[in-house]
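Structure first, then comments.
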Amino acid sequence: MDAYEPVNILMVDDQPDKLLSYEIILRELGENLIMAGSAREALEHLLHTDIALILLDVKMPEIDGFELATLIRQHPRYQQIAIIFISAIHHTYLDQLKGYEHGAVDYVTVPIIPELLRAKVRVFVELYRKTIALRREMAERQRLEREAQRTQHFALLGRLAAGVSHEIRNPLSAIFLHVDVLEEELRQPSPESAAELLQALTEIKTQLARLDDLLQDYLSLARVATIERTPQDLGVAVQAWAQEWQLLAIPQEVRLRLEGMEHLGTVPLHASTLRRALLNPVQNALDAMPYGGTLTLRGEGTATQVQLQVHDTGSGIPAEQLPHLFEPLYTTKPEGTGLGLYLIQEIVVAHGGKVMVESVVEQGTTFTLTLPRTVERSTSEDRGASALADAPGGK
């Protein structure tokens, strides 16, 4: 709608002569005037037309103006429509108060002063135009912000792709080297061939696992902006993932403990990406405890959010490194890529949450992931939609 496009004004009255008089009074405003002789007709127009303003007679058969206004106000789509009650019978202050209680923006009594009615209608029509213009401006601003975020996201992915391609070269070089060793041992076997072959295969598997981690991190970053969350029991999910991680902890004599998972309840999540976000601090914790320790996964919940903590008793992180941990491509490990912790942050933010880290050198580190609860649909919206649909003429 541009500034001069006519808006729709719905006039509701069971007497055709009154509708005609409203039309004559408001014709010079140049707006699109729609007539309805009953609440049923009014609801039909509302369901199929964008209405800026409703002139509503109080006294009508079947459903009176007050009841119709209540039905309209109960539906979220129509809560902002301006309603002006017009009454030739109900003139008292109590009648007018009742009209305002049912959602009216004004209450006009008969006899109508044409100039006054036109002025009132003009004010609310202009307010409607300004509201629509503001909504469109906000929608456009949000669209531009989303485009800017997407541009930044893909620019960062480009930087990360360059970093990943560099990191891939090292494990690939190691794999090619050990393939050459395998080939040499197969051509010219020696008494040590069996051990050499086993060592080469072990190293190849290690480097392939590293490559897979690199690619999975990058692919997770590429997908994180479009993940779809579904309500799932978070505690059940973490307990299932912990069974896999237990196998990683056993060789290092690390004890894996779970606390508070039984009653975490439902959270909107994307299972595979959230698992990836938790796996990274678990792997970091195991790296920090090469000679044993305790890895604790702890869950706590409130009515509005849940927290997952990954706590280790390892070597800890120096205080000067903590502010930089979630920066892309930042790493303190000789073979690190700088993707893991940044990936955690991006996944948690995509879930509507936040991540924090606390650490003390030689005492351990705690990663805390905070996620929002499932937001259920408002019951008032359900009641309003049902009432309008069940009304005469409702769909």
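The values are calculated or read from the model by the stated rules, or taken from the named source; none is laboratory data. Quantities reported herein were computed from a predicted structural model and do not represent experimental measurements. Cβ placement follows ideal geometry from the backbone for every residue including glycine, while neighbour counts extend to all protein chains displayed. Just so you know, the surface numbers come from the protein's heavy atoms only, side chains and all, with ligands and any DNA or RNA stripped out. Shrake-Rupley method; radii C 1.70, N 1.55, O 1.52, S 1.80 Å.
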Criterion (at pLDDT below 80 and on the phi < 0 side of the Ramachandran plot) met by exactly one of 185, 192, 167, 145
167
Filter the stretch 301-329 down to residues that are within 20 Å of the chain's Cα centre (by Cα) and open to solvent by 30 Å² or more (accessible area, probe 1.4 Å), then give me how many there are.
6
I'm told residue 91 meets every condition in (1) under 20 Å from residue 18 (Cα atoms); (2) modelled with pLDDT of 90 or more; (3) not aliphatic (A, V, I, L, M) except one. Can you identify the failing condition by its number?
(2)
Of everything in the stretch 252-305 that's hydroxyl-bearing (Ser, Thr, Tyr) and touching a strand residue (DSSP E or B) at 6+ places or on another chain (Cβ under 6 Å), which residue is modelled with the lowest pLDDT?
266
Quick check, is residue 384 at pLDDT below 85, among the small types (Gly, Ala, Ser) and either outside any loop (DSSP other than H, G, I, E, B) or open to solvent by 60 Å² or more (accessible area, probe 1.4 Å) (or both)?
yes
Yes or no: residue 204 in contact with an Asp or Glu (Cβ under 9 Å, 6 or more places away or on another chain) and at pLDDT 80 or above?
no
Under 7 Å between Cβ atoms, which residue pairs at least 6 apart in sequence (or on different chains) link something in the stretch 238-267 that is at positive phi with a partner that is surrounded by fewer than 14 Cβ atoms within 10 Å (Cβ to Cβ)?
253/292
Name the one entry in 21, 38 that is within 21 Å of residue 118 (Cβ to Cβ) and either open to solvent by 20 Å² or more (accessible area, probe 1.4 Å) or at pLDDT below 90 (or both).
21
Any idea which of 246, 252 is in contact with a Pro (Cβ under 8 Å, 6 or more places away or on another chain) and closer than 28 Å to residue 288 by Cα?
252
Please work out if residue 5 is assigned to a helix (DSSP H, G or I) and open to solvent by 70 Å² or more (accessible area, probe 1.4 Å).
no
Among the residues of the stretch 252-261, how many are within 12 Å of residue 300 (Cβ to Cβ) and open to solvent by 20 Å² or more (accessible area, probe 1.4 Å)?
2
